[in-house]
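These notes concern the structure reproduced below.
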Amino acid sequence: MTRKAKGLLHRLTFAVALSVGVMGAGVAGAAEKLTYLFPAPSFLPAFAPFMLAQAKGYYKAEGVDVEFAIGKGGADVAKQVGAGNADLGGGIGDTPVIVRPNGVPVKAVAVLGGRALTQIVVRADSGINGPADLKGKTVAVMAYQDTTYYSLLGALAAFNMTKNDVNAQAVGPAGVSKLMISGDAPAMAGVPEWAAAVEAEGIAIKWFAVDQYFPGMAQAIIASDETIAKKPQAVKGFVKGTLKALAEIMKDPQAAAKEYVAAVPQHAGKEAAMAKILGYYAEKVYPGQKVLGAMDEVRLEKLQDFYVAQGIVRAKTPLAELYTNQFVQ
C-alpha cells in the first residue's frame, strides 16, 4: 500500500471513529421526555419548586426534558396519570389513598414537605383561638371533595366535632380569601397564599397548623405504576431536580422569590408578596422530614384510617401500593 493510500485510510478510519463517538455521545446524553400535569395553573406559588427547577435547568441536568401541562384538579390529574396520559402529576400525599381504591394505579414518589399543606386561618378579630372555637362558625373551603375540607374534618374530629358543628362553605379557590376579607367567614381551611391574600388587605390573621390535630400532608409528586417501572431514571431525575429547588426555597425564601418572579411573568413586580408566600411555605409546610421528599408511612397509615372511618374511602389499600421512597434516597 502506498504512503498516500495509507494516509487516506488512516483519515477515513479516524473520521468513522469520531462520527461513531459523537453519535454514541448523543444517544447517551439524550434527555428523556416527561410530561408533568399540574392540578391548577402552573403560575400559582404552591408550584414554585417546579418552576424554579425548570428555569434553573435542574431537570435538564438530571437528563430529563420536562413538559408542563395543566389538569382539572387533583382527582383529574390522578386519573390522567393513572391512564398513562401524563407521566407524572401533582397531588397531595393522601391522593393515592383516595383514588387507588377506585382502580387508579398511582403512587406518591415524593412528598414536598413534612407538614400539612392545609392551614386553618382565622381573622384575629374573630375571637377564635383554635379549632375548638369553630363550633357554629362559618368556615370557607375550596370544595367538599378536596383535601382542604378533609383536613378541616380531621381537625374538628380532634375536638369531638363533625361537619355538622360548623357552617363550611365551598366557594372555590378564588372565593376562600374573599369570604374572609368580606367578613362573611371568620375562618378558612386553605393554603398559605390564600392567607397571604387576606393579609394583603390589611386584615390581621392567626394560623393553626392542621398537623397539630390531624396527620395532613404536603403536596406530592404522583406517578403511575407503569411510569415507575418503565422510566425509573427519569422519575428519579425529576424528583431530584424538584427537591433541589425546594431546598433552596427553604434555605432562602427571599432569594428564591426573586428567581421565581423572574421565571414566572405573571408575578412581575411582586417580589415582596412572593417572598412572603414562599417564606410561609418554608416555615409552615416544607420542614419536618428526616429525608427531604420522603413519605412518612406511620402518618400515611393514620390518615388512611381516618378516611376509612369517615367514609371518604371505602376500603384500606396496602401501604406499599400508595407510595415509594426509592426516588428520594
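The values are calculated or read from the model by the stated rules, or taken from the named source; none is laboratory data. It should be emphasised that the depicted structure is a prediction, and the values quoted were computed from it without experimental measurement. Because the Cβ atoms are built from the backbone with ideal geometry, glycine has one as well, and the counts that use them run over all protein chains shown.
If you check Met188, Met180 for being of a type in the set (A, V, I, L, M, F, W, C), part of a strand (DSSP E or B) and either in the same structural domain as Pro39 (by TED's automatic domain parsing) or surrounded by 23 or more Cβ atoms within 10 Å (Cβ to Cβ) (or both), only one passes: Met188. Does Lys302 satisfy the criteria of being buried (at least 16 other Cβ atoms within 10 Å of the Cβ), modelled with pLDDT of 95 or more and of a type outside the set (S, T, N, Q)? So Lys302 fails the test. Of the residues making up the stretch 191-242, just one is under 23 Å from Arg299 (Cβ atoms), surrounded by fewer than 19 Cβ atoms within 10 Å (Cβ to Cβ) and acidic (Asp, Glu), namely Asp225. For Ser151, only one of the following conditions fails: (1) assigned to a strand (DSSP E or B); (2) touching a residue at least 40 places away in the same chain (Cβ under 8 Å). What is its number? So the condition that Ser151 fails would be (1).
Consider the stretch 84-122 and keep the residues that are assigned to a loop (DSSP other than H, G, I, E, B), of a type in the set (A, V, I, L, M, F, W, C) and closer than 17 Å to Phe38 by Cβ. The one that is farthest from the chain's Cα centre (by Cα) is Ala86.
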